Amino acid sequence: MSIHYRKQITLVPKLLRLNIGTHGWSLSLGPRRAHVAFHSRGGRSTSVRLPGGLTWHRHSRRR
(Lines give C-alpha, C1' and ligand atoms only; values in the text may rest on other atoms or scores of the structure.)
Protein backbone atom coordinates (compact mmCIF):
# COMPACT_ATOMS: atom_id res chain seq x y z
CA MET A 1 0.00 0.00 0.00
CA SER A 2 1.38 3.41 -0.92
CA ILE A 3 0.62 6.80 0.58
CA HIS A 4 -0.42 9.68 -1.67
CA TYR A 5 -0.77 13.33 -0.74
CA ARG A 6 -1.86 16.26 -2.90
CA LYS A 7 -2.68 19.81 -1.90
CA GLN A 8 -3.49 22.72 -4.21
CA ILE A 9 -3.07 26.27 -2.92
CA THR A 10 -4.40 29.20 -4.97
CA LEU A 11 -1.98 32.13 -4.83
CA VAL A 12 -3.75 34.38 -7.38
CA PRO A 13 -7.35 33.36 -8.22
CA LYS A 14 -7.75 31.87 -11.73
CA LEU A 15 -4.09 32.57 -12.55
CA LEU A 16 -1.45 31.07 -10.21
CA ARG A 17 -1.61 27.83 -8.19
CA LEU A 18 0.92 25.94 -6.07
CA ASN A 19 0.49 22.14 -6.11
CA ILE A 20 2.18 20.13 -3.37
CA GLY A 21 2.42 16.34 -3.44
CA THR A 22 4.39 13.41 -2.08
CA HIS A 23 6.94 13.56 -4.91
CA GLY A 24 7.49 17.33 -5.05
CA TRP A 25 5.75 20.55 -5.99
CA SER A 26 4.66 22.39 -9.12
CA LEU A 27 3.62 25.92 -9.96
CA SER A 28 0.78 26.35 -12.50
CA LEU A 29 0.42 29.63 -14.37
CA GLY A 30 -2.71 30.39 -16.40
CA PRO A 31 -6.38 29.44 -16.41
CA ARG A 32 -7.48 25.81 -16.25
CA ARG A 33 -8.02 25.46 -20.00
CA ALA A 34 -4.58 26.74 -21.02
CA HIS A 35 -1.74 26.65 -18.53
CA VAL A 36 2.00 26.16 -18.09
CA ALA A 37 3.33 24.22 -15.09
CA PHE A 38 6.86 24.26 -13.71
CA HIS A 39 7.84 21.21 -11.63
CA SER A 40 10.30 20.85 -8.75
CA ARG A 41 12.33 18.21 -10.61
CA GLY A 42 13.08 20.56 -13.50
CA GLY A 43 10.26 19.68 -15.87
CA ARG A 44 7.81 21.96 -17.61
CA SER A 45 4.42 21.04 -19.06
CA THR A 46 2.02 22.95 -21.26
CA SER A 47 -1.62 22.01 -21.63
CA VAL A 48 -4.48 23.39 -23.73
CA ARG A 49 -8.05 22.06 -23.58
CA LEU A 50 -10.53 22.96 -26.31
CA PRO A 51 -14.31 22.54 -26.32
CA GLY A 52 -15.46 19.19 -27.64
CA GLY A 53 -12.90 17.12 -25.72
CA LEU A 54 -9.77 18.03 -27.69
CA THR A 55 -6.59 18.33 -25.61
CA TRP A 56 -2.99 19.24 -26.44
CA HIS A 57 -0.31 18.48 -23.87
CA ARG A 58 3.48 18.79 -24.00
CA HIS A 59 5.98 17.83 -21.31
CA SER A 60 9.68 18.67 -21.40
CA ARG A 61 12.47 17.97 -18.95
CA ARG A 62 15.58 19.93 -18.22
CA ARG A 63 18.71 18.10 -19.36
Original post:
Percent of accessible area on the chain owned by carbon and sulfur, 1.4 Å probe?
Top reply: 58
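Where only protein heavy atoms count, and the probe is 1.4 Å, what is the accessible area per residue for the chain in Å²?
87
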**OP:** Restrict the search to the chain; then list the chymotrypsin sites (Phe, Trp or Tyr not before Pro) that DSSP places in a loop and that have at most 10 other Cβ atoms within 10 Å of their Cβ.
**Re:** Tyr5
Original post:
Which part of the stretch 1-22 falls in the paramagnetic zone of Arg49, meaning amide N under 14 Å from the point 7 Å along Cα-to-beta-carbon?
Top reply: none
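The values are calculated or read from the model by the stated rules, or taken from the named source; none is laboratory data. Quantities reported herein were computed from a predicted structural model and do not represent experimental measurements. Here Cβ is always computed from backbone atoms with ideal geometry, including for glycine, and neighbour counts include all displayed protein chains. To get the accessible areas, we keep the full protein, side chains included, count just its heavy atoms, and leave off ligands, DNA and RNA. Shrake-Rupley method; radii C 1.70, N 1.55, O 1.52, S 1.80 Å.
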